[in-house]
Structures are given as C-alpha cells and as structure tokens.
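See below for the structure under consideration.
The values are calculated or read from the model by the stated rules, or taken from the named source; none is laboratory data. Since this is a predicted model, take the numbers as computed values, not measurements. All Cβ positions, even for glycine, are placed from backbone atoms using ideal geometry, and neighbour counts span all protein chains on display.
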Amino acid sequence: MKDGRRTVPPSIFLEGWDGLTSLIELRGVTKVFGKGGAAVHAFGPVDIAISEGQFISFLGPSGCGKSTLMLMIAGLLAPSAGSIRVNGTEVKGPQTDIGIMFQDSTLVPWRTVRGNIELQLEMRGIPVAAVRQRVAALLKSVRLEDFADRFPFELSGGMQQRAAFCQAMIHQPKIVLLDEPLGKLDAMTREHIRADLQSLWMQSRPTVVFVTHSIEEAVQLSTEVAVITPRPGKIDTLISVDLPFPRDLTVKNSSAFIRHVHDIQEIFHGYGVI
Amino acid sequence: MATASSERGNSLDRLSRWIGRSWMFIAFFVGFFLFWEWSIVLFKIPLYILSPPSMIVTKAWADMSRLVQYTYITGLETLLGYAVAIVTALPMGLAIAFSSVLRRTIYPFLVCTEMVPKIAFAPLFISWLGFGLLPKVIIVFLVCFFPIVLNAILAFNSLSEELTRFSYSTGAGTWRTFFKIRLPAALPQCFVGFKYAGLNATVGAAIAEFIGSDQGLGFYIQITTGNMRPELAFAGIFFLTAIGLVLFGTITLAERLIIPWHISVRRAQG
C-alpha cells in the first residue's frame, strides 16, 4: 500500500474460487466457426475469472482466437458453448459499460480529435459540456492537448492511437477491451505509447483486457498474462506479474522481468510457435 | 486604398499561380483548337463535313437565341431527371441496405434491370407520353437512378467492422447511430453515385431528344446535321457539354463542402 499503490488481487482459475471478487467470468467458453466438416474449432474450452482492476493480457500467436475471445466478452459475438458473466450477469448482447479499441482505430475522419472523444459521449447521451474538463485532462495526459482540434488524418499513427485511447476511456468505463491497439505502430512509437497506456490505466484503474502477441508488451503492461496456445486456443498458463508500476526501463531491465519474458518464451517454444 | 490594391495584388497572385500550374493544359487546349482550325484548310476538308472553330463561334453567335432557349430546355430535363433520381434513389438505397426482405426482392431485380440499356426504353416512353418534357425527364431519371441507388446500398452496407462494434458498445439507438456514424460514413460512396449519374444525365437527355422531340439541344444537333450544318451541330454539342460541366461542377463543389474530410477531396485539393 506504500506509494499510494493499490494492491491487486490476483485472478485465479475457477477451481476453488469463491466468486466474490471477479468482474469477468468465463466458464467453458468455446467458439467453433462454421458447421460440419468445414467447422473450425477456434478455441476453448476456456475458464477464467478476472477480478476488478486487473490488467490482463491475452497473449498468443496469431489465429489462436484471442481477438474472438475479446469480442465475446464485449457481447459482440456469442460463444458456441459455455457462458460469460460480467458483474454477475450473463452476457447476452453488446456490453455498454465498456470501452473498446482495435488495431484500426475507431476514430471517424469527419471529426477532430476532440470531436471524436465527444462522439463517445454523444452516442451515450452524456452532456458534453459537463465533462469538458475531463476531456482536456485526458488529452493532456497523453500529450495531445495541442492537437485537440486536428483531424485524425493530420496526425501520426501513434497520435491517432493515443486519441483513440482517450475515446475509449472518456466515459470512465469499468472494463476496457483493447485488441492489439499498438499492432500497426513502429517499434519505437509502440514503446512510447505503452507508457501512456500504463499511466492512463493507473489513473482510473479500469479492468483491462489486452490482446497482444508481443511477450514483452504483455509483461510490461499486465498484472496478469494469460498465455494462449495455438488453435484451438486454450489458456496454457496464467502468470501473475508481480512487479511495481509504473514499469519503466529500470523495471524492464530487472531480472524478474526478464525471467517472466523467458518463461513465456519457453512455453511458446514448447508449442513450436517461436 | 491600401486594402483594395493589396486585394488586387492577391487576385493577380492567384491568377499567376493558376497559370503556373495549368499552363501546359491551357497550351494544349489552345493548340488543339488551332490544329483543328488549320487542318480544315490543310487537308481541304469540305465545310459540310467539318467546320473550323472560328466558323462554329460566329454561326453559333448568329443563332444564339435558339441555342440559349434549347439549352434551357435540355438543362431543365437534365436537372429535373437528376433531382428526382437523387430524391428517390437515396431513400430506396437506404431501405434496401437496412431491410433483408427488400435486399432479397427489389435488390436482385435492380441488379438485373441495371443490365438493361435504359435508353432502349426511350421510344416506348415517347409513344406512351408524347413529345413533351416528361418522357425525357423519365429517361434522364432512369439513367441516373441506378448508379445512385446501387452506390447508396453499397455505402450504407459498408460501415467498417471497427465502427460497427464501437457503435454497439456505446449502446446508442438506431437513429443516433445513423445520424452520428452511419450517414456521414456513407456520404463518400454516395457521392461516387451522384458523380457517375451526373456524367450520364446529359447523355440521357440528348438521346431522348434524338428519338422524339421538337425542341432541345439533342433535337438541334440532329436537325442541323441533317441540314448539313455541322458548325451548328458542334455549337449544340458545346452547349450540351456546358450543361454537363455545370452539373458536374456543382456536384463536385457540394462534395467539397459536405465531405471536406474525405481523402478524395483532400487529394483533389492537393
């Protein structure tokens, strides 16, 4: 509790779990695309409980179904079997107490950065005037305050994704779902923006589900990393990353960090994906 | 005084910049007409086959009142047909895009009729509706309707997966999602249809007039050609082109005003 940090209760596999602290709960979730002989078993069954305030990464090779899993948590895709509960309620349709973001941003080209952030509010019927301060603060925290009135096409890829973070978080959702939001950025920009994402998360501490195929990224950002196997994707290991935040260069060079990265590499090596 | 002169300076500046950018085009344009003018003399082309541009201008000037009147008539047919096409095709495209029943009934029918050359209906319409304005307006309408409706269907059906998911995640209702996301996202593709229809509109009007008419530029071109007055036929073609240019220019201007953020507009403006 020192440094004003909150301790984060670890998520656990469902075995022996008491069901009090989890916000997102997946039981036997399976997804099969298509029917009959042409059916593709995308992944599952997956059981996991994610407790509030976690930053959990779904880390796996491409095609392992981690994005599908995220869409199902958002209620945008129905599982073929099993059930998903958010806040104790079964997910049956699109969830709205969430913020989502993808590799291709959800910024619309006809609005400025500020207009795009306000779009999230307008779509939800939240009066924009009431949260003007919050918009400004959020923009400032990702160093976009001077670009509020620019259009997305006037910004670099990294700036666009930072603006998209603001759009996904302005309504202070309880859950933020991020599907490879840094996937299209170059390595240096990625590194830079991870820090922004981390500080945004630390400010309001939403529960974040982060889909990525970068081991280092997962270890740097997450309280927990769910290592997912190649298709059909299953959770091989759930690793609790017990390192202090913010995870700057010092932390990243620590032996504990490197050991985590190494352990995960070993797992993937075992499956022959790296 | 200072402001007036600086304003003049500005417009002079702008003119010289425009010339700087377009001189090659202007030179080509002027060269083309000069070549035309001289080739009549050079290749001894009889005047009843092809007339030099200078003769087109002088003879057209002499017949200006008729040309202006016919331009008005053909322009009216074009504009009415085009406007009715937009007003009906957009809602229909929208309805088909959002209704699975219409998509399985009217849509395949539309795709089939798109294969029918609409101009082939012109004699029928004229036999049904006479020589007046209405059959021409209908032909222009038919020619314009299909590109607008087909592009509108495409436009309203092709919202990106990301924006669709984003819209769902906000819990916004159908109308709010439509006005805040679907409609603006669809506008660029709608304008593709508007432009294509705009290019076809004058073609429809002219051909409808060829088939049965006693006024309008299509009629004028046909009659003057029959009378071995190619210089007047060319004058008619130039006025017809002018109608097309004004229509297309208006659509392009509307596009710039309505979707200045779109990549096609930004690219066009450099």
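Among the numbered conditions (1) closer than 19 Å to A:D179 by Cα; (2) surrounded by fewer than 19 Cβ atoms within 10 Å (Cβ to Cβ), the only one that A:F33 does not meet is (1). All of B:I259, B:I243, B:I207 fail the test of being touching a Gly at 6+ places or on another chain (Cβ under 8 Å), surrounded by fewer than 21 Cβ atoms within 10 Å (Cβ to Cβ), among the hydrophobic types (A, V, I, L, M, F, W, C) and touching a residue at least 24 places away in the same chain (Cβ under 8 Å), apart from B:I207. Could you go through the range A:132-152 and let me know if any residue there is on the phi > 0 side of the Ramachandran plot and of a type outside the set (S, T, N, Q). Looking for residues that are on the phi > 0 side of the Ramachandran plot and of a type outside the set (S, T, N, Q), one finds at least one in the range A:132-152, hence yes.
Among the residues of the range A:69-93, those that are more than 14 Å from chain B (Cβ to nearest Cβ) and among the hydrophobic types (A, V, I, L, M, F, W, C) comprise A:L69, A:A81, A:I84. For the range B:107-118, which residues satisfy the criterion of being crowded, with 17+ Cβ neighbours inside 10 Å and of a type in the set (A, V, I, L, M, F, W, C)? Of everything in the range B:107-118, just one residue is crowded, with 17+ Cβ neighbours inside 10 Å and of a type in the set (A, V, I, L, M, F, W, C), namely B:L110.
Considering (1) at pLDDT below 90; (2) within 13 Å of chain B (Cβ to nearest Cβ), say which one A:L119 fails and leave the rest. Looking at each condition in turn, A:L119 falls short on (1). Please find, among B:V41, B:V87, B:V57, the residue that is assigned by TED's automatic domain parsing to the domain that holds B:T241, farther than 18 Å from B:T241 by Cα and not acidic (D, E). Answer to the check: B:V87.
Put simply, of A:L144, A:L177 the only residue that is farther than 30 Å from A:I264 by Cα and either buried (at least 19 other Cβ atoms within 10 Å of the Cβ) or away from every other protein chain (no Cβ under 13 Å) (or both) is A:L144. Criterion applied to A:A129, A:A136, A:A163 was being small (G, A, S), out of contact with any strand residue (DSSP E or B) (no Cβ under 6 Å at 6 or more places or on another chain) and surrounded by 16 or more Cβ atoms within 10 Å (Cβ to Cβ), and the one residue passing it is A:A163. Can you confirm whether A:P152 is in contact with a Gly (Cβ under 6 Å, 6 or more places away or on another chain), of a type outside the set (S, T, Y) and crowded, with 20+ Cβ neighbours inside 10 Å? Criteria not met by A:P152. Given the conditions (1) within 14 Å of chain B (Cβ to nearest Cβ); (2) part of a loop (DSSP other than H, G, I, E, B); (3) buried (at least 20 other Cβ atoms within 10 Å of the Cβ), and given that A:C64 satisfies all but one, which numbered condition is not satisfied? Here A:C64 meets the rest and fails (1). Looking only at residues in the range A:98-115 that are among the small types (G, A, S) and crowded, with 20+ Cβ neighbours inside 10 Å, the one that is farthest from the chain's Cα centre (by Cα) is A:S105. Among residues of the range A:123-139 that are closer than 21 Å to A:Q198 by Cβ, those with a Cβ under 6 angstrom from a residue that is acidic (D, E) and at pLDDT 90 or above, sequence gap 6+ or separate chain, pair up as A:L139/A:E145. Taken over the range A:95-104, the criterion of being under 15 Å from A:M159 (Cα atoms) and within 7 Å of another protein chain (Cβ to nearest Cβ) is satisfied by A:F102, A:D104. If you check A:F13, A:F102, A:F55 for being more than 30 Å from B:I263 (Cβ to Cβ) and either of a type in the set (V, I, T) or at pLDDT below 90 (or both), only one passes: A:F13. If the condition is being in a loop (DSSP other than H, G, I, E, B) and touching a Ser or Thr at 6+ places or on another chain (Cβ under 7 Å), then the range A:203-222 contributes A:H213, A:S222. Considering only residues in the range B:127-184 that are small (G, A, S) and within 8 Å of another protein chain (Cβ to nearest Cβ), the one that is surrounded by the most Cβ atoms within 10 Å (Cβ to Cβ) turns out to be B:S169. Applying a threshold of 9 Å to beta carbon distances and a minimum spacing of six or more residues, or different chains, the list of pairs starting in the range A:190-205 at a residue that is touching a residue at least 40 places away in the same chain (Cβ under 8 Å) and ending at one that is acidic (D, E) reads A:A195/A:D248; A:R205/A:E52. At pLDDT below 90 and under 18 Å from A:T112 (Cα atoms): does that describe A:V131? Answer is no for this residue. Go through the range A:151-169 and count every residue that is of a type in the set (F, W, Y) and within 12 Å of chain B (Cβ to nearest Cβ). Total meeting the criteria: 2.
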